[in-house]
Amino acid sequence: MDEEIKKALSRIVGEENFTDRLIDLVTYSYDASDHSHRPDAALWALHADQVSQILRLANEHGFPVTPRGAGTSLTGAAVPAGGGVVLDLCRMNRILDIRIADRLVVVQPGVVYADLEKTLAPSGFFFPPDPASGKVCTIGGNAATNAGGLRGAKYGVTRDYVLGLQIVLPDGRILRTGTGCMKSASGYDLTRLFVGSEGTLGVITEITLKISPRPLATTTACAMFQDLRNAGRAVSDIMHSGIIPSVLEVLDSHAVRVLRDKSDIVLPEGEAMILTETDGCTEGETAYQMDAIIRLFRKNNAAEIQLARSSEEAEGLWRARKAVGSAAAKLRTNNVSEDVTIPISRVPDLLTGVAAIVARHGLPFVIFGHAGDGNLHPKIMFDHSDPDQVRKVQQAVEEIFRLTCSLGGTLSGEHGIGLAKAPFMALEHDPVAMDLMRSLKRLLDPKNILNPGKLGL
Ligand SMILES: Cc1cc2nc3c(=O)[nH]c(=O)nc-3n(C[C@H](O)[C@H](O)[C@H](O)COP(=O)(O)OP(=O)(O)OC[C@H]3O[C@@H](n4cnc5c(N)ncnc54)[C@H](O)[C@@H]3O)c2cc1C
(Lines give C-alpha, C1' and ligand atoms only; values in the text may rest on other atoms or scores of the structure.)
Protein backbone atom coordinates (compact mmCIF):
# COMPACT_ATOMS: atom_id res chain seq x y z
CA MET A 1 0.00 0.00 0.00
CA ASP A 2 1.23 3.45 -0.95
CA GLU A 3 2.78 5.40 1.96
CA GLU A 4 0.64 8.45 1.07
CA ILE A 5 -2.54 6.37 1.55
CA LYS A 6 -1.27 5.14 4.91
CA LYS A 7 -0.64 8.75 5.97
CA ALA A 8 -4.14 9.72 4.88
CA LEU A 9 -5.64 6.83 6.88
CA SER A 10 -3.58 7.79 9.92
CA ARG A 11 -4.86 11.37 9.63
CA ILE A 12 -8.48 10.15 9.61
CA VAL A 13 -8.28 8.01 12.77
CA GLY A 14 -5.30 9.63 14.51
CA GLU A 15 -1.81 8.10 14.84
CA GLU A 16 -2.74 6.16 17.97
CA ASN A 17 -5.48 4.34 16.02
CA PHE A 18 -3.34 3.36 13.04
CA THR A 19 -0.78 0.57 12.82
CA ASP A 20 1.40 -1.03 10.18
CA ARG A 21 3.76 -2.69 12.67
CA LEU A 22 4.58 -6.24 11.59
CA ILE A 23 3.50 -7.74 14.92
CA ASP A 24 0.03 -6.17 14.56
CA LEU A 25 -0.31 -7.10 10.91
CA VAL A 26 0.55 -10.73 11.67
CA THR A 27 -2.08 -10.75 14.43
CA TYR A 28 -4.69 -9.27 12.10
CA SER A 29 -3.88 -11.95 9.48
CA TYR A 30 -5.88 -14.45 11.48
CA ASP A 31 -9.26 -15.11 13.01
CA ALA A 32 -10.29 -18.33 14.80
CA SER A 33 -10.24 -20.33 11.52
CA ASP A 34 -7.35 -21.98 9.66
CA HIS A 35 -7.29 -19.17 7.08
CA SER A 36 -4.85 -16.27 7.06
CA HIS A 37 -3.75 -13.33 4.93
CA ARG A 38 -1.70 -10.32 5.95
CA PRO A 39 -3.21 -6.82 5.63
CA ASP A 40 -1.15 -3.71 4.79
CA ALA A 41 -2.43 -1.74 7.76
CA ALA A 42 -4.98 -1.87 10.57
CA LEU A 43 -7.17 0.92 11.96
CA TRP A 44 -9.35 1.40 14.99
CA ALA A 45 -12.33 3.59 14.12
CA LEU A 46 -13.97 5.63 16.88
CA HIS A 47 -17.12 6.86 15.12
CA ALA A 48 -19.20 6.47 11.97
CA ASP A 49 -17.77 9.61 10.31
CA GLN A 50 -14.28 8.11 10.41
CA VAL A 51 -15.61 4.86 8.91
CA SER A 52 -17.24 6.91 6.18
CA GLN A 53 -14.00 8.75 5.37
CA ILE A 54 -12.02 5.48 5.32
CA LEU A 55 -14.47 3.88 2.90
CA ARG A 56 -14.48 6.94 0.64
CA LEU A 57 -10.67 6.79 0.50
CA ALA A 58 -10.82 3.03 -0.19
CA ASN A 59 -13.21 3.64 -3.07
CA GLU A 60 -10.99 6.37 -4.49
CA HIS A 61 -7.81 4.26 -4.36
CA GLY A 62 -9.34 0.79 -4.71
CA PHE A 63 -7.96 -0.93 -1.60
CA PRO A 64 -9.93 -3.57 0.36
CA VAL A 65 -11.35 -2.94 3.84
CA THR A 66 -12.20 -5.83 6.15
CA PRO A 67 -14.36 -4.94 9.18
CA ARG A 68 -13.45 -6.80 12.35
CA GLY A 69 -14.89 -7.27 15.83
CA ALA A 70 -13.08 -9.69 18.13
CA GLY A 71 -11.81 -11.93 15.30
CA THR A 72 -13.51 -15.08 16.65
CA SER A 73 -14.93 -16.07 13.25
CA LEU A 74 -14.53 -19.79 12.63
CA THR A 75 -14.84 -19.40 8.83
CA GLY A 76 -12.16 -16.87 7.86
CA ALA A 77 -14.81 -14.13 7.57
CA ALA A 78 -12.59 -11.64 9.42
CA VAL A 79 -9.41 -12.55 7.51
CA PRO A 80 -8.38 -9.74 5.12
CA ALA A 81 -8.24 -12.10 2.13
CA GLY A 82 -7.57 -9.28 -0.34
CA GLY A 83 -4.97 -7.47 1.83
CA GLY A 84 -5.61 -3.74 2.30
CA VAL A 85 -6.90 -2.51 5.64
CA VAL A 86 -8.42 -4.24 8.66
CA LEU A 87 -11.00 -1.93 10.20
CA ASP A 88 -11.21 -2.89 13.86
CA LEU A 89 -14.47 -1.71 15.52
CA CYS A 90 -13.63 -2.91 19.05
CA ARG A 91 -12.91 0.61 20.34
CA MET A 92 -16.47 1.66 19.47
CA ASN A 93 -17.65 -0.14 22.58
CA ARG A 94 -20.20 2.04 24.33
CA ILE A 95 -23.69 1.03 25.35
CA LEU A 96 -25.49 4.16 24.16
CA ASP A 97 -28.98 3.69 25.57
CA ILE A 98 -30.92 1.21 27.69
CA ARG A 99 -34.69 1.67 27.36
CA ILE A 100 -36.31 -1.05 29.44
CA ALA A 101 -39.78 0.48 29.01
CA ASP A 102 -39.32 0.13 25.23
CA ARG A 103 -37.61 -3.28 25.60
CA LEU A 104 -34.52 -2.19 23.70
CA VAL A 105 -30.88 -1.21 23.92
CA VAL A 106 -28.73 0.80 21.53
CA VAL A 107 -25.08 -0.24 21.35
CA GLN A 108 -21.93 0.47 19.38
CA PRO A 109 -20.59 -2.53 17.41
CA GLY A 110 -17.54 -3.18 19.61
CA VAL A 111 -19.56 -3.91 22.77
CA VAL A 112 -18.63 -7.41 23.95
CA TYR A 113 -21.59 -9.79 24.32
CA ALA A 114 -20.77 -10.61 27.96
CA ASP A 115 -20.44 -6.91 28.88
CA LEU A 116 -23.94 -6.25 27.56
CA GLU A 117 -25.20 -9.24 29.56
CA LYS A 118 -23.56 -7.92 32.74
CA THR A 119 -24.95 -4.43 32.22
CA LEU A 120 -28.48 -5.71 31.57
CA ALA A 121 -28.54 -8.23 34.45
CA PRO A 122 -29.89 -5.87 37.18
CA SER A 123 -32.82 -4.91 34.94
CA GLY A 124 -34.01 -8.52 34.65
CA PHE A 125 -33.65 -8.39 30.85
CA PHE A 126 -31.21 -10.07 28.47
CA PHE A 127 -30.13 -10.41 24.84
CA PRO A 128 -30.70 -14.16 24.35
CA PRO A 129 -28.58 -15.47 21.41
CA ASP A 130 -25.70 -16.44 23.75
CA PRO A 131 -22.90 -17.61 21.41
CA ALA A 132 -20.33 -19.83 23.14
CA SER A 133 -17.73 -17.14 22.34
CA GLY A 134 -19.80 -14.58 24.30
CA LYS A 135 -16.99 -13.65 26.70
CA VAL A 136 -15.05 -12.03 23.84
CA CYS A 137 -17.12 -11.66 20.65
CA THR A 138 -18.73 -8.33 19.80
CA ILE A 139 -22.35 -7.41 19.12
CA GLY A 140 -21.23 -5.99 15.74
CA GLY A 141 -19.72 -9.39 14.89
CA ASN A 142 -22.89 -11.12 16.14
CA ALA A 143 -25.05 -8.95 13.88
CA ALA A 144 -22.71 -9.34 10.90
CA THR A 145 -22.76 -13.16 11.24
CA ASN A 146 -26.29 -13.62 12.61
CA ALA A 147 -24.82 -15.46 15.60
CA GLY A 148 -26.81 -17.98 17.60
CA GLY A 149 -26.32 -20.32 20.50
CA LEU A 150 -27.72 -22.94 22.82
CA ARG A 151 -31.08 -21.26 23.31
CA GLY A 152 -31.94 -20.95 19.61
CA ALA A 153 -34.89 -23.36 19.61
CA LYS A 154 -36.82 -21.18 22.06
CA TYR A 155 -35.29 -17.73 21.64
CA GLY A 156 -34.06 -17.61 18.03
CA VAL A 157 -30.87 -15.96 16.78
CA THR A 158 -29.40 -12.46 16.53
CA ARG A 159 -31.50 -11.58 13.47
CA ASP A 160 -34.68 -11.96 15.59
CA TYR A 161 -33.49 -9.18 17.93
CA VAL A 162 -32.00 -6.55 15.62
CA LEU A 163 -34.58 -3.78 15.28
CA GLY A 164 -32.39 -1.28 13.50
CA LEU A 165 -28.87 -0.47 12.38
CA GLN A 166 -26.65 2.43 11.52
CA ILE A 167 -24.55 1.34 8.55
CA VAL A 168 -21.78 2.97 6.58
CA LEU A 169 -22.15 1.91 2.96
CA PRO A 170 -19.07 1.07 0.87
CA ASP A 171 -19.24 4.48 -0.84
CA GLY A 172 -19.16 6.23 2.55
CA ARG A 173 -22.86 7.16 2.82
CA ILE A 174 -24.32 6.66 6.29
CA LEU A 175 -27.68 4.93 6.47
CA ARG A 176 -30.19 4.13 9.21
CA THR A 177 -32.40 1.05 8.85
CA GLY A 178 -35.35 -0.17 10.91
CA THR A 179 -36.98 1.52 13.88
CA GLY A 180 -37.07 1.49 17.65
CA CYS A 181 -40.50 -0.12 17.49
CA MET A 182 -41.41 -3.72 18.23
CA LYS A 183 -42.82 -4.08 14.75
CA SER A 184 -42.79 -2.33 11.42
CA ALA A 185 -44.40 -3.07 8.06
CA SER A 186 -42.74 -0.18 6.31
CA GLY A 187 -40.94 -0.99 3.08
CA TYR A 188 -38.15 -3.45 2.31
CA ASP A 189 -36.50 -4.93 5.39
CA LEU A 190 -33.03 -3.47 4.91
CA THR A 191 -32.03 -4.41 8.48
CA ARG A 192 -32.39 -8.09 7.67
CA LEU A 193 -30.34 -7.66 4.50
CA PHE A 194 -27.35 -6.39 6.47
CA VAL A 195 -27.64 -8.86 9.38
CA GLY A 196 -25.59 -11.91 8.38
CA SER A 197 -23.92 -10.11 5.44
CA GLU A 198 -20.49 -10.69 7.04
CA GLY A 199 -19.22 -7.16 6.46
CA THR A 200 -19.59 -7.43 2.67
CA LEU A 201 -22.33 -4.81 2.19
CA GLY A 202 -21.66 -2.20 4.85
CA VAL A 203 -19.94 -1.47 8.17
CA ILE A 204 -22.28 -1.63 11.17
CA THR A 205 -21.66 1.35 13.45
CA GLU A 206 -24.72 1.16 15.73
CA ILE A 207 -27.21 -1.55 16.63
CA THR A 208 -30.68 -1.29 18.18
CA LEU A 209 -31.52 -4.59 19.86
CA LYS A 210 -34.76 -5.92 21.25
CA ILE A 211 -34.22 -7.45 24.70
CA SER A 212 -36.22 -10.13 26.54
CA PRO A 213 -37.27 -10.64 30.16
CA ARG A 214 -34.79 -13.04 31.76
CA PRO A 215 -36.40 -16.31 32.89
CA LEU A 216 -36.49 -16.61 36.68
CA ALA A 217 -36.41 -20.40 36.97
CA THR A 218 -34.84 -23.31 35.09
CA THR A 219 -35.01 -27.10 35.34
CA THR A 220 -32.30 -29.33 33.83
CA ALA A 221 -32.30 -33.01 32.92
CA CYS A 222 -30.32 -35.43 30.84
CA ALA A 223 -31.12 -38.77 29.20
CA MET A 224 -28.96 -41.54 27.73
CA PHE A 225 -30.26 -43.65 24.84
CA GLN A 226 -28.95 -46.99 23.59
CA ASP A 227 -30.39 -46.38 20.15
CA LEU A 228 -29.78 -43.23 18.14
CA ARG A 229 -33.16 -43.47 16.38
CA ASN A 230 -34.94 -43.41 19.74
CA ALA A 231 -33.04 -40.24 20.70
CA GLY A 232 -34.01 -38.69 17.35
CA ARG A 233 -37.66 -39.59 17.87
CA ALA A 234 -37.54 -38.11 21.39
CA VAL A 235 -36.24 -34.80 19.95
CA SER A 236 -38.96 -34.77 17.33
CA ASP A 237 -41.70 -35.68 19.87
CA ILE A 238 -40.54 -32.94 22.25
CA MET A 239 -40.41 -30.28 19.55
CA HIS A 240 -44.01 -30.86 18.50
CA SER A 241 -45.38 -31.52 22.00
CA GLY A 242 -46.24 -27.89 22.65
CA ILE A 243 -43.37 -27.56 25.17
CA ILE A 244 -40.43 -25.56 23.87
CA PRO A 245 -37.32 -26.34 25.90
CA SER A 246 -34.80 -23.51 26.24
CA VAL A 247 -32.01 -26.07 25.67
CA LEU A 248 -32.15 -29.37 23.78
CA GLU A 249 -28.63 -30.59 23.09
CA VAL A 250 -27.59 -33.92 21.62
CA LEU A 251 -24.26 -35.76 21.91
CA ASP A 252 -23.63 -38.78 19.66
CA SER A 253 -21.99 -42.07 20.69
CA HIS A 254 -18.52 -40.82 19.67
CA ALA A 255 -18.94 -37.76 21.86
CA VAL A 256 -20.05 -39.94 24.79
CA ARG A 257 -17.04 -42.25 24.25
CA VAL A 258 -14.56 -39.34 24.05
CA LEU A 259 -15.93 -37.90 27.31
CA ARG A 260 -15.60 -41.32 29.00
CA ASP A 261 -12.02 -41.79 27.70
CA LYS A 262 -10.58 -38.27 27.71
CA SER A 263 -12.21 -36.46 30.63
CA ASP A 264 -12.92 -37.11 34.30
CA ILE A 265 -16.68 -37.03 33.67
CA VAL A 266 -18.44 -40.24 34.69
CA LEU A 267 -20.96 -41.28 32.05
CA PRO A 268 -22.70 -44.55 31.24
CA GLU A 269 -22.13 -45.98 27.76
CA GLY A 270 -24.72 -44.94 25.21
CA GLU A 271 -25.50 -44.27 21.57
CA ALA A 272 -26.78 -40.75 22.22
CA MET A 273 -27.21 -38.36 25.11
CA ILE A 274 -29.70 -35.51 25.34
CA LEU A 275 -29.31 -32.56 27.70
CA THR A 276 -32.38 -30.40 28.14
CA GLU A 277 -33.47 -27.35 30.10
CA THR A 278 -36.83 -25.70 30.54
CA ASP A 279 -37.23 -22.11 31.71
CA GLY A 280 -40.01 -19.83 32.87
CA CYS A 281 -41.29 -17.60 35.67
CA THR A 282 -41.65 -20.21 38.45
CA GLU A 283 -40.18 -23.57 39.40
CA GLY A 284 -43.66 -25.03 39.14
CA GLU A 285 -43.86 -23.95 35.52
CA THR A 286 -40.42 -25.32 34.55
CA ALA A 287 -41.04 -28.59 36.46
CA TYR A 288 -44.37 -29.03 34.64
CA GLN A 289 -42.61 -28.63 31.27
CA MET A 290 -39.81 -30.99 32.29
CA ASP A 291 -42.30 -33.67 33.42
CA ALA A 292 -43.76 -33.65 29.92
CA ILE A 293 -40.28 -33.97 28.39
CA ILE A 294 -39.32 -36.83 30.71
CA ARG A 295 -42.50 -38.67 29.74
CA LEU A 296 -41.35 -38.40 26.11
CA PHE A 297 -37.85 -39.64 27.03
CA ARG A 298 -39.48 -42.71 28.66
CA LYS A 299 -41.84 -43.25 25.74
CA ASN A 300 -38.76 -43.41 23.49
CA ASN A 301 -36.94 -45.94 25.72
CA ALA A 302 -34.33 -43.70 27.35
CA ALA A 303 -31.98 -46.03 29.22
CA GLU A 304 -31.13 -43.59 31.99
CA ILE A 305 -32.65 -40.24 32.98
CA GLN A 306 -31.14 -37.78 35.45
CA LEU A 307 -33.14 -34.82 36.76
CA ALA A 308 -31.17 -32.07 38.52
CA ARG A 309 -32.55 -31.31 42.00
CA SER A 310 -30.32 -28.28 42.61
CA SER A 311 -28.28 -25.75 40.64
CA GLU A 312 -25.12 -27.71 41.56
CA GLU A 313 -26.62 -30.88 40.08
CA ALA A 314 -27.65 -28.93 36.99
CA GLU A 315 -24.07 -27.71 36.61
CA GLY A 316 -22.93 -31.33 36.87
CA LEU A 317 -25.22 -32.32 34.00
CA TRP A 318 -23.95 -29.40 31.91
CA ARG A 319 -20.31 -30.44 32.37
CA ALA A 320 -20.45 -33.18 29.72
CA ARG A 321 -21.87 -30.83 27.09
CA LYS A 322 -19.41 -28.09 27.92
CA ALA A 323 -16.39 -30.42 27.95
CA VAL A 324 -17.07 -32.35 24.75
CA GLY A 325 -15.28 -29.94 22.36
CA SER A 326 -12.07 -29.74 24.39
CA ALA A 327 -12.06 -33.49 25.19
CA ALA A 328 -12.36 -34.31 21.46
CA ALA A 329 -9.64 -31.79 20.56
CA LYS A 330 -7.16 -33.93 22.54
CA LEU A 331 -7.40 -36.65 19.87
CA ARG A 332 -5.34 -34.84 17.20
CA THR A 333 -3.41 -31.57 16.78
CA ASN A 334 -6.08 -29.92 14.57
CA ASN A 335 -9.81 -30.04 14.16
CA VAL A 336 -12.55 -28.62 12.02
CA SER A 337 -15.96 -27.89 13.50
CA GLU A 338 -18.93 -27.41 11.19
CA ASP A 339 -22.38 -26.02 12.03
CA VAL A 340 -24.67 -27.59 9.45
CA THR A 341 -28.41 -27.32 10.10
CA ILE A 342 -31.31 -29.44 8.91
CA PRO A 343 -35.07 -29.55 9.55
CA ILE A 344 -35.57 -30.96 13.08
CA SER A 345 -37.14 -34.22 11.90
CA ARG A 346 -33.95 -35.00 9.89
CA VAL A 347 -31.60 -34.85 12.92
CA PRO A 348 -31.20 -38.67 13.11
CA ASP A 349 -30.51 -38.84 9.33
CA LEU A 350 -27.78 -36.23 9.62
CA LEU A 351 -26.25 -37.90 12.70
CA THR A 352 -26.05 -41.33 11.03
CA GLY A 353 -25.08 -39.89 7.62
CA VAL A 354 -22.23 -37.75 8.99
CA ALA A 355 -20.97 -40.65 11.12
CA ALA A 356 -20.86 -42.90 8.03
CA ILE A 357 -19.03 -40.25 5.96
CA VAL A 358 -16.31 -39.49 8.49
CA ALA A 359 -15.83 -43.14 9.49
CA ARG A 360 -15.27 -43.99 5.80
CA HIS A 361 -12.41 -41.48 5.75
CA GLY A 362 -10.94 -43.07 8.88
CA LEU A 363 -10.70 -39.89 11.00
CA PRO A 364 -11.75 -39.47 14.64
CA PHE A 365 -14.83 -37.31 15.12
CA VAL A 366 -17.66 -36.37 17.46
CA ILE A 367 -21.09 -34.92 16.70
CA PHE A 368 -22.95 -32.71 19.11
CA GLY A 369 -25.19 -29.70 18.85
CA HIS A 370 -28.49 -27.98 19.18
CA ALA A 371 -31.00 -30.70 18.31
CA GLY A 372 -33.90 -28.38 19.18
CA ASP A 373 -33.23 -26.24 16.10
CA GLY A 374 -31.53 -28.90 13.97
CA ASN A 375 -28.07 -27.27 14.24
CA LEU A 376 -25.34 -29.91 14.61
CA HIS A 377 -21.59 -29.55 15.08
CA PRO A 378 -19.65 -32.41 13.49
CA LYS A 379 -16.08 -31.95 14.75
CA ILE A 380 -13.38 -33.86 12.87
CA MET A 381 -9.90 -34.24 14.32
CA PHE A 382 -6.81 -34.44 12.08
CA ASP A 383 -3.12 -33.63 11.84
CA HIS A 384 -2.42 -30.62 9.63
CA SER A 385 1.14 -31.75 8.89
CA ASP A 386 -0.16 -34.91 7.15
CA PRO A 387 -1.37 -34.06 3.60
CA ASP A 388 -3.34 -37.31 3.44
CA GLN A 389 -5.37 -36.39 6.55
CA VAL A 390 -5.90 -32.84 5.24
CA ARG A 391 -7.25 -34.24 1.95
CA LYS A 392 -9.52 -36.66 3.81
CA VAL A 393 -10.94 -33.98 6.06
CA GLN A 394 -11.64 -31.73 3.05
CA GLN A 395 -13.43 -34.57 1.27
CA ALA A 396 -15.42 -35.45 4.40
CA VAL A 397 -16.50 -31.83 4.90
CA GLU A 398 -17.64 -31.52 1.28
CA GLU A 399 -19.64 -34.76 1.59
CA ILE A 400 -21.22 -33.47 4.83
CA PHE A 401 -22.29 -30.29 3.02
CA ARG A 402 -23.75 -32.31 0.13
CA LEU A 403 -25.64 -34.57 2.55
CA THR A 404 -26.94 -31.56 4.51
CA CYS A 405 -28.26 -29.85 1.39
CA SER A 406 -29.83 -33.08 0.15
CA LEU A 407 -31.74 -33.23 3.47
CA GLY A 408 -33.11 -29.73 2.87
CA GLY A 409 -30.55 -28.15 5.20
CA THR A 410 -28.22 -25.18 5.24
CA LEU A 411 -24.41 -24.95 5.24
CA SER A 412 -24.41 -22.79 8.34
CA GLY A 413 -26.78 -22.38 11.27
CA GLU A 414 -24.63 -19.83 13.07
CA HIS A 415 -20.93 -19.51 12.11
CA GLY A 416 -21.57 -18.08 8.65
CA ILE A 417 -19.87 -18.72 5.30
CA GLY A 418 -16.68 -16.61 5.23
CA LEU A 419 -13.91 -18.15 3.15
CA ALA A 420 -14.34 -21.71 4.43
CA LYS A 421 -17.76 -22.40 2.94
CA ALA A 422 -17.65 -19.93 0.03
CA PRO A 423 -16.95 -22.66 -2.58
CA PHE A 424 -20.10 -24.54 -1.51
CA MET A 425 -22.72 -21.76 -1.66
CA ALA A 426 -24.12 -23.05 -4.96
CA LEU A 427 -24.93 -26.40 -3.28
CA GLU A 428 -27.53 -24.59 -1.17
CA HIS A 429 -28.61 -21.58 -3.21
CA ASP A 430 -30.03 -21.84 -6.73
CA PRO A 431 -28.36 -19.92 -9.60
CA VAL A 432 -31.00 -17.17 -9.54
CA ALA A 433 -30.46 -16.60 -5.80
CA MET A 434 -26.66 -16.52 -6.27
CA ASP A 435 -27.08 -14.08 -9.15
CA LEU A 436 -29.29 -11.82 -7.04
CA MET A 437 -26.77 -11.87 -4.17
CA ARG A 438 -23.98 -10.92 -6.61
CA SER A 439 -26.16 -8.12 -8.08
CA LEU A 440 -26.82 -6.73 -4.59
CA LYS A 441 -23.11 -6.79 -3.82
CA ARG A 442 -22.31 -5.02 -7.11
CA LEU A 443 -25.05 -2.44 -6.51
CA LEU A 444 -23.77 -1.46 -3.08
CA ASP A 445 -20.07 -2.10 -3.61
CA PRO A 446 -19.27 -1.79 -7.33
CA LYS A 447 -15.52 -1.63 -6.69
CA ASN A 448 -15.62 -4.69 -4.39
CA ILE A 449 -13.67 -2.99 -1.62
CA LEU A 450 -15.62 -4.32 1.38
CA ASN A 451 -14.44 -7.71 2.67
CA PRO A 452 -13.81 -9.14 -0.82
CA GLY A 453 -13.66 -12.91 -1.41
CA LYS A 454 -16.32 -13.84 1.17
CA LEU A 455 -19.67 -15.61 0.74
CA GLY A 456 -18.66 -16.96 -2.69
CA LEU A 457 -19.80 -13.71 -4.36
C1 LIG B 1 -14.71 -20.82 20.88
C2 LIG B 1 -15.70 -20.27 19.90
C3 LIG B 1 -17.04 -20.54 20.09
C4 LIG B 1 -17.98 -20.04 19.19
N5 LIG B 1 -19.30 -20.29 19.41
C6 LIG B 1 -20.23 -19.74 18.60
C7 LIG B 1 -21.62 -19.95 18.85
O8 LIG B 1 -22.01 -20.63 19.80
N9 LIG B 1 -22.51 -19.38 18.01
C10 LIG B 1 -22.10 -18.61 16.95
O11 LIG B 1 -22.96 -18.09 16.25
N12 LIG B 1 -20.80 -18.40 16.69
C13 LIG B 1 -19.85 -18.93 17.48
N14 LIG B 1 -18.52 -18.71 17.23
C15 LIG B 1 -18.13 -17.90 16.05
C16 LIG B 1 -17.98 -16.38 16.34
O17 LIG B 1 -17.71 -16.16 17.71
C18 LIG B 1 -19.24 -15.61 15.92
O19 LIG B 1 -19.36 -15.66 14.51
C20 LIG B 1 -19.24 -14.14 16.37
O21 LIG B 1 -20.50 -13.58 16.05
C22 LIG B 1 -18.14 -13.31 15.71
O23 LIG B 1 -18.01 -12.09 16.43
P24 LIG B 1 -16.64 -11.26 16.39
O25 LIG B 1 -16.84 -10.00 17.14
O26 LIG B 1 -15.51 -12.10 16.82
O27 LIG B 1 -16.54 -10.95 14.82
P28 LIG B 1 -15.31 -11.19 13.85
O29 LIG B 1 -14.87 -12.60 13.90
O30 LIG B 1 -14.29 -10.14 14.06
O31 LIG B 1 -16.02 -10.92 12.43
C32 LIG B 1 -16.94 -11.84 11.92
C33 LIG B 1 -17.54 -11.27 10.62
O34 LIG B 1 -18.30 -10.11 10.92
C35 LIG B 1 -17.80 -8.98 10.22
N36 LIG B 1 -17.92 -7.84 11.13
C37 LIG B 1 -17.50 -7.75 12.41
N38 LIG B 1 -17.86 -6.56 12.92
C39 LIG B 1 -18.51 -5.89 11.94
C40 LIG B 1 -19.13 -4.61 11.85
N41 LIG B 1 -19.17 -3.77 12.88
N42 LIG B 1 -19.70 -4.25 10.68
C43 LIG B 1 -19.72 -5.10 9.62
N44 LIG B 1 -19.14 -6.32 9.65
C45 LIG B 1 -18.55 -6.69 10.80
C46 LIG B 1 -16.39 -9.33 9.84
O47 LIG B 1 -15.97 -8.64 8.66
C48 LIG B 1 -16.52 -10.82 9.60
O49 LIG B 1 -17.05 -11.04 8.32
C50 LIG B 1 -17.55 -19.23 18.08
C51 LIG B 1 -16.19 -18.97 17.91
C52 LIG B 1 -15.27 -19.48 18.80
C53 LIG B 1 -13.82 -19.16 18.58
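Please tell me if L116 is closer than 27 Å to W44 by Cβ, more than 14 Å from the ligand (Cβ to nearest atom), open to solvent by less than 20 Å² (accessible area, probe 1.4 Å) and not assigned by TED's automatic domain parsing to the domain that holds S33. No; evaluated as a whole, the condition is false for this residue.
Of all the criteria given as (1) more than 20 Å from the chain's Cα centre (by Cα); (2) polar (S, T, N, Q); (3) surrounded by 18 or more Cβ atoms within 10 Å (Cβ to Cβ); (4) modelled with pLDDT under 95, the one not satisfied by S345 is (3). Selection within segment 306-335: residues that are in contact with a helix residue (DSSP H, G or I) (Cβ under 6 Å, 6 or more places away or on another chain) and modelled with pLDDT under 95. The member of this set that is surrounded by the fewest Cβ atoms within 10 Å (Cβ to Cβ) is K330. With respect to the conditions (1) open to solvent by 10 Å² or more (accessible area, probe 1.4 Å); (2) away from the ligand (no atom under 16 Å from the Cβ); (3) assigned to a helix (DSSP H, G or I), L193 falls short on a single one, namely (2).
Regarding segment 49-67, can at least one residue be identified that is open to solvent by 60 Å² or more (accessible area, probe 1.4 Å) and either outside any helix (DSSP H, G or I) or within 13 Å of the ligand (Cβ to nearest atom) (or both)? Steps first, answer last, please.
Within segment 49-67, the first condition is being open to solvent by 60 Å² or more (accessible area, probe 1.4 Å), and the residues that meet it are 49, 53, 56, 60-61.
Filter again for either outside any helix (DSSP H, G or I) or within 13 Å of the ligand (Cβ to nearest atom) (or both), leaving none.
No - not one qualifying residue is present in segment 49-67.
Quick one: in segment 71-96, of everything that is buried (at least 20 other Cβ atoms within 10 Å of the Cβ), small (G, A, S) and more than 8 Å from the ligand (Cβ to nearest atom), which residue is nearest to P452 (Cα to Cα)?
So the first thing to find is which residues in segment 71-96 are buried (at least 20 other Cβ atoms within 10 Å of the Cβ), and the list is 71-81, 84-90, 92.
Applying the additional criterion that residues be small (G, A, S) yields 71, 73, 76-78, 81, 84.
Still in the list and also more than 8 Å from the ligand (Cβ to nearest atom): 76, 81, 84.
Working: G76: 12, A81: 7, G84: 10 Å.
Within segment 71-96, the match that is nearest to P452 (Cα to Cα) is A81.
Identify, from the list A292, A303, A287, A255, the residue that is open to solvent by 10 Å² or more (accessible area, probe 1.4 Å), touching a residue at least 24 places away in the same chain (Cβ under 8 Å) and within 19 Å of F368 (Cβ to Cβ). Step through it out loud before you land on a result.
On the way: A292 fails: within 19 Å of F368 (Cβ to Cβ); A287 fails: within 19 Å of F368 (Cβ to Cβ); A255 fails: open to solvent by 10 Å² or more (accessible area, probe 1.4 Å).
The match here is A303.
Here is a list: A185, A147, A121. Which entry is more than 29 Å from I342 (Cα to Cα), part of a loop (DSSP other than H, G, I, E, B) and out of contact with any Leu (no Cβ under 7 Å at 6 or more places or on another chain)?
Values: A147 fails: more than 29 Å from I342 (Cα to Cα); A121 fails: part of a loop (DSSP other than H, G, I, E, B).
Selected residue: A185, the only one of A185, A147, A121 that is more than 29 Å from I342 (Cα to Cα), part of a loop (DSSP other than H, G, I, E, B) and out of contact with any Leu (no Cβ under 7 Å at 6 or more places or on another chain).
Restricting the first residue to segment 78-98 and requiring it to be without any contact (Cβ under 8 Å) to a residue 12 or more places away in the chain and part of a strand (DSSP E or B), which pairs with a second residue that is of a type outside the set (F, W, Y) and buried (at least 18 other Cβ atoms within 10 Å of the Cβ) meet a Cβ separation below 7 Å and a spacing of at least six or different chains? That search, which allows pairs on different chains as well, returns D97/V105; D97/V106. What pairs come out if I take residues in segment 23-40 that are within 13 Å of G84 (Cα to Cα) and hydrophobic (A, V, I, L, M, F, W, C) and pair them with residues that are open to solvent by less than 30 Å² (accessible area, probe 1.4 Å) and assigned to a loop (DSSP other than H, G, I, E, B) whose C-beta lies under 8 Å away, six or more apart or interchain? Short answer, once both residue conditions are applied: L25/P39.
With respect to the stated conditions, L419 fails to be outside the structural domain of V247 (by TED's automatic domain parsing), touching a helix residue (DSSP H, G or I) at 6+ places or on another chain (Cβ under 8 Å) and either more than 16 Å from the ligand (Cβ to nearest atom) or open to solvent by less than 50 Å² (accessible area, probe 1.4 Å) (or both). Taking residues in segment 118-133 that are over 21 Å from A217 (Cβ atoms), and partners anywhere that are open to solvent by 40 Å² or more (accessible area, probe 1.4 Å) and more than 16 Å from the ligand (Cβ to nearest atom), not one pair has Cβ atoms closer than 7 Å while being at least 6 places apart or on different chains.
Every listed requirement among (1) touching a helix residue (DSSP H, G or I) at 6+ places or on another chain (Cβ under 7 Å); (2) not in a loop (DSSP other than H, G, I, E, B) is met by R38 save one, (2). Of the strands (runs of 3 or more DSSP E) lying entirely inside segment 313-392, those carrying at least 3 residues that are among the aliphatic types (A, V, I, L, M) are 375-382.
So that you can scan it fast, the table gives a plain yes or no per residue for (1) open to solvent by 10 Å² or more (accessible area, probe 1.4 Å); (2) within 19 Å of the chain's Cα centre (by Cα):
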{"position": "R151", "(1), (2)": "yes, yes"}
{"position": "Y155", "(1), (2)": "yes, yes"}
{"position": "R159", "(1), (2)": "yes, yes"}
{"position": "S184", "(1), (2)": "yes, no"}
{"position": "G187", "(1), (2)": "yes, no"}
{"position": "T200", "(1), (2)": "no, yes"}
{"position": "P213", "(1), (2)": "yes, no"}
{"position": "A223", "(1), (2)": "no, no"}
{"position": "R233", "(1), (2)": "yes, no"}
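The values are calculated or read from the model by the stated rules, or taken from the named source; none is laboratory data. Please read these numbers as outputs of a predicted model, since none were measured by experiment. Backbone-built Cβ (ideal geometry, glycine too); neighbour counts: all protein chains shown. The protein model used for the area step is the full one, side chains on, heavy atoms only, and it has no ligands, DNA or RNA in it. Shrake-Rupley method; radii C 1.70, N 1.55, O 1.52, S 1.80 Å.
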